[in-house]
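Working notes for the structure below.
The values are calculated or read from the model by the stated rules, or taken from the named source; none is laboratory data. All values derive from a computational prediction rather than experimental measurement. Because the Cβ atoms are built from the backbone with ideal geometry, glycine has one as well, and the counts that use them run over all protein chains shown. When the accessible area is computed, the model is the full protein with side chains, heavy atoms only, and any ligands, DNA or RNA have been set aside. Shrake-Rupley method; radii C 1.70, N 1.55, O 1.52, S 1.80 Å.
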Amino acid sequence: MKDDVVSLVREALVEAGSTFREDKKSAYRRAIEIESNEKAKWVLQTILENAEVAEKNRGPLCDDTGIPHLVLEIGPDCSVTGRMLDEIREGVRQGLQKLPGRPMGILGDDGQRIDQSGGLNPDGGGVEPAPILLRPCKENVVRLHILMFGGGPAIRAKTYRVFHRHNVQAVLDEIVNWASESVAQLGCSPCTLAVGIGRSHFEAAAMMLQAQVDGSYDVQNDMEREITRRVNETNVGPLGLGGKISVLATFMKVGPQRASGVRIVCVRPACCFEPRIATVDLKLKE
């Protein structure tokens, strides 16, 4: 089982870093069809062509190959051992070497990692994945989702409180304000907006991560469509060149809420190559 899990994770990470899902390809084709700004249309076409070449060559979609973020789903009659978690981490390490991932790991103690004085780990496989997020799955399977998070969206993301005033629109207005500012500053548009709403900063960020796992460019609810439409009205456009498509879609997940005057909201302006995601089933019911 060890070699099976390691190899499955390794290949899934390469897929995540090199491949657009079919619904994302369709979203780009729709955007190209409706974009009237010729410079913006050229950017959209070039991004899609880049993605097709990356998929064919199994090479990185972007020079910023990303930090692995993992969501692990566990079926009702399945179990995950510490050994399996070690195998997942080994698969991630090998996948980063195969992609290849850009060396971004910083060596040293806590202080040295903060100020980067410990130096750069030359091994692309030395990039540590973020802590694994676990959630239940209705199917009897252990399913892993791998997402590769770039640095630009992390810089422009925001997690903070919003006073809801007993009005959904107040929360949506704040999300649109944050997203409009971040998309204009990001540069690598068109974006996919990932939004999580929870009771704490951790929960909101976890909801944002799951929104990317569960989101579909082909299916948007009313709130997601409103956010996308309003941010597109800013006319930032691809790479900030102007145009109709600043945002391809919005993926939003709302978690449990507390009786309080605030909602904790996390907004990540996922860049033109994100979500970079792949899913693999690691284990069926024994």
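If we scan the stretch 236-259, do we find a residue that is of a type in the set (Ser, Thr, Tyr) and assigned to a strand (DSSP E or B)?
Checked the stretch 236-259: at least one residue is of a type in the set (Ser, Thr, Tyr) and assigned to a strand (DSSP E or B).
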Checklist entry - Only one residue in CYS188, CYS272 is touching a Pro at 6+ places or on another chain (Cβ under 6 Å) and either part of a loop (DSSP other than H, G, I, E, B) or surrounded by 22 or more Cβ atoms within 10 Å (Cβ to Cβ) (or both). Which one? => result CYS272
Checklist entry - Do you know which of the residues in the stretch 74-88 that are hydrophobic (A, V, I, L, M, F, W, C) and outside any helix (DSSP H, G or I) is surrounded by the most Cβ atoms within 10 Å (Cβ to Cβ)? => result CYS78
Next on the checklist: Name the residue that is nearest to the chain's Cα centre (by Cα), counting only residues in the stretch 117-171 that are of a type in the set (A, V, I, L, M, F, W, C), assigned to a helix (DSSP H, G or I) and surrounded by fewer than 16 Cβ atoms within 10 Å (Cβ to Cβ).
Outcome noted: ALA154
Checklist entry - Exactly one of (1) in contact with a His (Cβ under 6 Å, 6 or more places away or on another chain); (2) within 25 Å of VAL262 (Cβ to Cβ) is unmet by VAL213. Its number? => result (2)
Item to check | Residue match in the stretch 12-28 (condition: aromatic (Phe, Trp, Tyr), over 26 Å from VAL92 (Cβ atoms) and free of Cβ contacts under 8 Å to residues at least 40 places away in the same chain) | outcome: no
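Looking at this structure, is ASP222 modelled with pLDDT of 95 or more, under 27 Å from ASP64 (Cβ atoms), surrounded by fewer than 18 Cβ atoms within 10 Å (Cβ to Cβ) and out of contact with any Asp or Glu (no Cβ under 6 Å at 6 or more places or on another chain)?
no
A quick yes/no check of all residues on (1) open to solvent by less than 30 Å² (accessible area, probe 1.4 Å); (2) out of contact with any Ser or Thr (no Cβ under 6 Å at 6 or more places or on another chain); (3) farther than 24 Å from GLU55 by Cβ:
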{"residue": "ILE245", "(1), (2), (3)": "yes, yes, no"}
{"residue": "PHE251", "(1), (2), (3)": "yes, yes, no"}
{"residue": "SER260", "(1), (2), (3)": "no, yes, yes"}
{"residue": "VAL267", "(1), (2), (3)": "yes, yes, yes"}
{"residue": "ARG276", "(1), (2), (3)": "yes, yes, no"}
{"residue": "ASP281", "(1), (2), (3)": "no, yes, no"}
Item to check | Positions within the stretch 35-53 being touching a residue at least 40 places away in the same chain (Cβ under 8 Å) and either closer than 20 Å to PRO275 by Cβ or part of a helix (DSSP H, G or I) (or both), in sequence order | outcome: LYS39, ALA40, LYS41, VAL43, LEU44, ILE47, ALA51
Checklist entry - So, of the residues in the stretch 89-112 that are of a type in the set (A, V, I, L, M, F, W, C) and open to solvent by 20 Å² or more (accessible area, probe 1.4 Å), which turns out to be nearest to GLN210 (Cα to Cα)? => result MET104
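State whether the residues of the stretch 50-65 include one that is in contact with a Pro (Cβ under 7 Å, 6 or more places away or on another chain) and open to solvent by less than 50 Å² (accessible area, probe 1.4 Å). Quick ask: steps written out before the conclusion?
First pass over the stretch 50-65, keeping only residues in contact with a Pro (Cβ under 7 Å, 6 or more places away or on another chain): 54.
Subset that is open to solvent by less than 50 Å² (accessible area, probe 1.4 Å): 54.
Yes; the residues of the stretch 50-65 include at least one that is in contact with a Pro (Cβ under 7 Å, 6 or more places away or on another chain) and open to solvent by less than 50 Å² (accessible area, probe 1.4 Å).
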Checklist entry - Of all residues in the stretch 204-230, which are over 16 Å from the mean Cα position of the chain (by Cα), part of a helix (DSSP H, G or I) and touching a residue at least 40 places away in the same chain (Cβ under 8 Å)? => result MET223, GLU226, ILE227, ARG230
Item to check | Residue under evaluation LEU61, criteria (1) touching a residue at least 24 places away in the same chain (Cβ under 8 Å); (2) over 30 Å from LYS244 (Cβ atoms); (3) assigned to a loop (DSSP other than H, G, I, E, B), criterion not met | outcome: (2)
Checklist entry - Quick check: anything in the stretch 230-237 closer than 29 Å to LEU8 by Cα, among the charged types (D, E, K, R) and at pLDDT 95 or above? => result no
Item to check | Flag if ARG113 is closer than 18 Å to VAL9 by Cα and either part of a helix (DSSP H, G or I) or touching a residue at least 24 places away in the same chain (Cβ under 8 Å) (or both) | outcome: no
Checklist entry - If you scan the stretch 27-40, which residues turn out to be more than 17 Å from ALA54 (Cα to Cα) and open to solvent by less than 60 Å² (accessible area, probe 1.4 Å)? => result ALA27, ALA31, ILE32, GLU35, ASN37, ALA40
